Amino acid sequence: MEVSVLNIKGEDTGRKVVLNDSVFGIEPNDHVIYLDVKRYLAAQRQGTAKAKERSEMSGSTRKLGRQKGGGGARRGDINSPVLVGGARVFGPKPRNYSIKLNKKVKSLARRSALSYKAAENAVVVVEDFTFEAPKTKQFIEVLTNLRVADKKVLMLLPEANENIYLSARNLQKARVMAAANLHTYGVLNANVIVVAESALAQIDNVLAK
């Protein structure tokens, strides 16, 4: 699949690049996409929720009433889960929510997501650029020139660029990352993928068979 290379003014440079079919042109696998998105979202959870159980509560252990004949549920001390203000039964405990996936599964998921975007003509290739200083206004101008300012944009760079990252940080609909850090959720969550020309080689190195 051939895509025209644009400059940051939105003008066609007259050059074209060929998107690797093994990355941007495969038959997408929806199940592995689901698994990788599930893995990513699970990894975002802190896992610090905690509720006190009966043995962790402070309070007297005196038996409050007779075992039978009270007309209600039996209960022991003041910490009983039956009572208001008592402990919680099987409450949450700190835990790790991360899910393990094999490298080949994650790679297939990312290639499937990119193939969906390529099929939708939602991949824009722009020639390499940089900013001398962080300028959000300048970054918005680039997006406007590329006609993607009103969409959720994921911009992939060949390597981390602090000035471009800081320029996009305050924009709710824009996200910038290095191509090596590409993940399935980021691709699917964006309406358009803007790829720096030299970042295509990075993507091929990471994902191509």
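The values are calculated or read from the model by the stated rules, or taken from the named source; none is laboratory data. Since the structure is predicted, the reported quantities are computational estimates derived from the model, not experimental observations. Note: ideal-geometry Cβ built from the backbone for every residue, glycine included; neighbour counts use all protein chains shown. Accessible surface is based on the protein model in full, side chains and every heavy atom, while ligands, DNA and RNA are left aside. Shrake-Rupley method; radii C 1.70, N 1.55, O 1.52, S 1.80 Å.
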> From the residues in the stretch 108-137 that are part of a helix (DSSP H, G or I) and farther than 19 Å from Glu2 by Cβ, which one is most open to solvent (accessible area, probe 1.4 Å)?
Replying inline: Lys137
> Applying the selection to the stretch 1-36, what residues are open to solvent by less than 40 Å² (accessible area, probe 1.4 Å), touching a Ser or Thr at 6+ places or on another chain (Cβ under 6 Å) and assigned to a loop (DSSP other than H, G, I, E, B)?
Replying inline: Asn7, Ile26, Pro28
> How many residues does the stretch 160-173 contain that are touching a helix residue (DSSP H, G or I) at 6+ places or on another chain (Cβ under 8 Å), under 17 Å from Glu197 (Cβ atoms) and open to solvent by 10 Å² or more (accessible area, probe 1.4 Å)?
Replying inline: 0
>> For the stretch 184-205, give me each residue that is among the aliphatic types (A, V, I, L, M) and surrounded by 15 or more Cβ atoms within 10 Å (Cβ to Cβ).
In response: Val187, Leu188, Ala190, Val192, Ile193, Val194, Val195, Ala196, Ala199, Leu200, Ile203
>> Looking at the structure I just gave you, is Ile140 open to solvent by 20 Å² or more (accessible area, probe 1.4 Å) and in a helix (DSSP H, G or I)?
In response: yes
> Mind checking which residues of the stretch 41-97 are within 30 Å of Val187 (Cβ to Cβ), open to solvent by 70 Å² or more (accessible area, probe 1.4 Å), touching a residue at least 24 places away in the same chain (Cβ under 8 Å) and in a loop (DSSP other than H, G, I, E, B)?
Replying inline: Arg45, Thr48, Arg95, Asn96
> Inside the stretch 178-201, can you point out the residues that are over 16 Å from Tyr40 (Cα atoms) and in contact with a Leu (Cβ under 8 Å, 6 or more places away or on another chain)?
Replying inline: Ala178, Ala179, Val192, Ile193, Val194, Val195, Ala196, Ala199, Leu200
>> For Leu146, only one of the following conditions fails: (1) in contact with a His (Cβ under 9 Å, 6 or more places away or on another chain); (2) surrounded by fewer than 21 Cβ atoms within 10 Å (Cβ to Cβ). What is its number?
In response: (1)
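Those residues that are outside any loop (DSSP other than H, G, I, E, B), of a type in the set (S, T, N, Q) and without any contact (Cβ under 8 Å) to a residue 60 or more places away in the chain, I need them from the stretch 161-209; list them, please.
Filtering the stretch 161-209 for residues outside any loop (DSSP other than H, G, I, E, B) gives 162-168, 174-181, 184-189, 192-196, 199-207.
If we keep only those that are of a type in the set (S, T, N, Q) as well, we get 163, 167, 181, 184, 189, 202, 205.
Asn163, Ser167, Asn181, Asn189, Gln202, Asn205 - these are the residues of the stretch 161-209 that are outside any loop (DSSP other than H, G, I, E, B), of a type in the set (S, T, N, Q) and without any contact (Cβ under 8 Å) to a residue 60 or more places away in the chain.
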>> Quick check on my filter: what residues within the stretch 174-183 are surrounded by 15 or more Cβ atoms within 10 Å (Cβ to Cβ) and not hydrophobic (A, V, I, L, M, F, W, C)?
In response: Arg175, His183
> Are any residues in the stretch 29-67 modelled with pLDDT of 90 or more and of a type in the set (A, V, I, L, M), and if so, which ones?
Replying inline: Val32, Ile33, Leu35, Val37, Leu41, Ala42, Ala43, Ala49, Ala51
